[in-house]
Amino acid sequence: MDSQSLQALFPNGTVESVYRETKTHLVIPLDSGYFYLNKDDLSPREIVLITELLINKQPKKQVNNHVWYNILFNHGELPSTPKHYRIIQMNLRKNTSNKDSWLAHFSSLFDCVVDSFFVDDTTAIIVEEQTSIFYSKEDIKSMILTLEAEFLIQATIFVGKYQAISHDFIDCFNEETTIFKLYNTSFHANDVFEFQDVALKYLTKKAIKDSPLMTSLYNTTNFDEETIRMIKTLWQEQGNITSSAKKLYTHRNTLQYKLDKFSEQTGISLKNMTDLTLYYLLILSL
């Protein structure tokens, strides 16, 4: 039975994404999440029927048995250790029957994975302990491309930072989760990204939107698709006009003309790295 059907039968019930131990509620596993029913809202007969038909008859989700699941989502006690860990979060493009096997194989490619599990149908987590072997973004992308050939599963991966166990470990994880949810759909299947890949956009977007000066610049500039692509390419090429022109599939003189025209219209020279940086930050907020 899905959540909509349950909600229609039990309007006071709630759907939550994570499992938590409770003596006051019945917890019905769903395909994605859990349906919580307060026992005080149910008759003894309803409690027995729901328990037998909707809880005991279903294979129980075991994710709550993972030590690191309880640490990350249920305020479980952090281990007392000098070791460092990083959290690798991944989003599968679609739900598949062989995803558990895929995750097991993926985890086995690392030197020291201490836990791995699915949070929901398409979101999984790997907890990796830091060792002398470091796996870069490129290494991890090679892993998932290799596994795609065998499992036909595509995923977008966010690689967290190695962190010492401290009072702010969970706060850092929660912010990484926020970043992962904000930007994972901005990347292609089998892309791997880290905080530094989205840091400028993440850290400056709100500040730019709240700035009257930046708002004025935005309102007085024509940010058509061609202009945005030109600014992004110049930034990526560190202001080099020749390499930017190659990436834009245009002649160097044509790009030079467009830059001069932009300067005439705005008073801003994109050949100057300070001006280019300002306008690159501005288009990040679009």
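Before moving on, here are some points about what is shown:
- Cα gyration tensor shape for the range 130-183, rounded if a/c is under 1.5, else prolate or oblate: oblate
- For the range 211-284, the ratio of Cα radius of gyration to the globular rule of thumb 2.2 N^0.38 Å stands at 1.03.
- Tilt relative to the chain, helix 169-183 - C-alpha long axis, 0 to 90 degrees, to 10: 60 degrees
- If R0 equals 35 Å, the separation of the Cβ atoms of Lys271 and Glu175 corresponds to a calculated FRET efficiency of about 0.45.
- Label point distance in nm, Arg229-Tyr257, each placed 7 Å from Cα along Cα→Cβ: 1.7 nm
- Whole-Å distance, taken between Cα centres, linking the range 134-154 and the range 227-280: 35 Å
- Degrees between helix 99-108 axis and first principal axis of the chain (Cα, 0 to 90, nearest 10): 70 degrees
- Residue order for Lys181, Lys205, Lys23, fewest other beta carbons within 10 angstrom first, comes to Lys23, Lys181, Lys205.
- Gyration tensor verdict on the range 142-286 (Cα atoms; rounded if a/c is under 1.5, prolate if a/b is larger than b/c, oblate otherwise): oblate
- In this label model, Lys94 and Leu217 are separated by 4.3 nm, measuring between points 7 Å along each Cα→Cβ vector.
- Prolate/oblate/rounded label for the range 164-225 (Cα gyration tensor, a/c 1.5): oblate
- Normalising the average separation of contacting C-alpha pairs (under 8 angstrom, six or more residues apart) by the number of residues puts the relative contact order of the range 64-198 at 31 percent.
- Per DSSP, loop chymotrypsin sites (Phe, Trp or Tyr not before Pro) in the range 246-283 with at most 15 further Cβ within 10 Å: Tyr249
- The Kirkwood hydrodynamic radius of the chain, based on inverse pair distances between different Cα atoms, is 22.7 Å.
- Folded to 0 to 90 degrees: helix 225-236 orientation relative to the chain principal axis, Cα: 90 degrees
- In loop segments of the range 57-157 as defined by DSSP, the chymotrypsin sites (Phe, Trp or Tyr not before Pro) with at most 10 further C-beta atoms inside 10 Å of their C-beta are Phe134.
- From helices alone, the chain scores -13500 deg cm²/dmol at 222 nm; the rule is -39500 (n - 2.57) for each run of n ≥ 4 DSSP H residues, then divide by the residue total.
Here, each number is a calculation from the coordinates, and none is a lab measurement. Note that the structure is predicted; figures quoted are calculated from it, not measured. All Cβ positions, even for glycine, are placed from backbone atoms using ideal geometry, and neighbour counts span all protein chains on display.
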